[in-house]
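Asker: Quick one: structure below, then a few questions.
The values are calculated or read from the model by the stated rules, or taken from the named source; none is laboratory data. As the structure is a prediction and not an experimental result, all values here were calculated from the model. As a convention, Cβ positions derive from the backbone with ideal geometry for all residues, glycine included, and neighbour counts pool all protein chains shown. Surface areas here come from the heavy atoms of the whole protein model, side chains and all, with no ligands, DNA or RNA. Shrake-Rupley method; radii C 1.70, N 1.55, O 1.52, S 1.80 Å.
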Amino acid sequence: MRATVGRDYLAQTCRAVLDDLRADIQGGQVGSADELSDELVLSRVDARLRADREAQPLAMVNASGTILH
């Protein structure tokens with residue numbers, strides 16, 4: 001993961017996922033410590049990175065005022 005998104009962005013995403021997990025624990029959405037695993041955290045980080053990558057705007061050329069001769 002780190003090679004594709006960069007260390008700082010990956011760390012920021014991990015912190016955000018851990019904050020979300022803490023909120024889930026406080027809200028009672030995570031029933032026990034057994035539900036928390038490295039795989040769960042990594043899958044949430046991966047899902048967040050994929051969602052962020054898909055939400056990126058695409059580069060486009062605005063050629064609406066171009067006249068072709």
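Asker: Being touching a helix residue (DSSP H, G or I) at 6+ places or on another chain (Cβ under 8 Å), open to solvent by 50 Å² or more (accessible area, probe 1.4 Å) and in a helix (DSSP H, G or I) is the filter here; which residues of segment 15-44 pass it?
Answerer: Leu18, Asp20, Arg44
Asker: Next question, about the same structure. Return yes when Arg53 is surrounded by 10 or more Cβ atoms within 10 Å (Cβ to Cβ), closer than 15 Å to Val5 by Cβ and either modelled with pLDDT under 85 or more than 13 Å from the chain's Cα centre (by Cα) (or both) and no when it is not.
Answerer: Values: surrounded by 10 or more Cβ atoms within 10 Å (Cβ to Cβ): yes; closer than 15 Å to Val5 by Cβ: yes; either modelled with pLDDT under 85 or more than 13 Å from the chain's Cα centre (by Cα) (or both): yes.
Yes: the conditions hold for Arg53.
Asker: On the given criteria, is Val30 modelled with pLDDT under 90, more than 20 Å from Glu54 (Cα to Cα) and of a type in the set (Val, Ile, Thr)?
Answerer: On the way: modelled with pLDDT under 90: yes; more than 20 Å from Glu54 (Cα to Cα): yes; of a type in the set (Val, Ile, Thr): yes.
It is true that Val30 is modelled with pLDDT under 90, more than 20 Å from Glu54 (Cα to Cα) and of a type in the set (Val, Ile, Thr).
Asker: Of all residues in segment 1-14 being of a type in the set (S, T, N, Q) and at pLDDT 90 or above, which is most open to solvent (accessible area, probe 1.4 Å)?
Answerer: Step one: filter segment 1-14 for residues of a type in the set (S, T, N, Q), giving 4, 12-13.
Subsequent filtering for residues that are at pLDDT 90 or above retains 12-13.
Numbers: Gln12: 113, Thr13: 7 Å².
Here the residue is Gln12.
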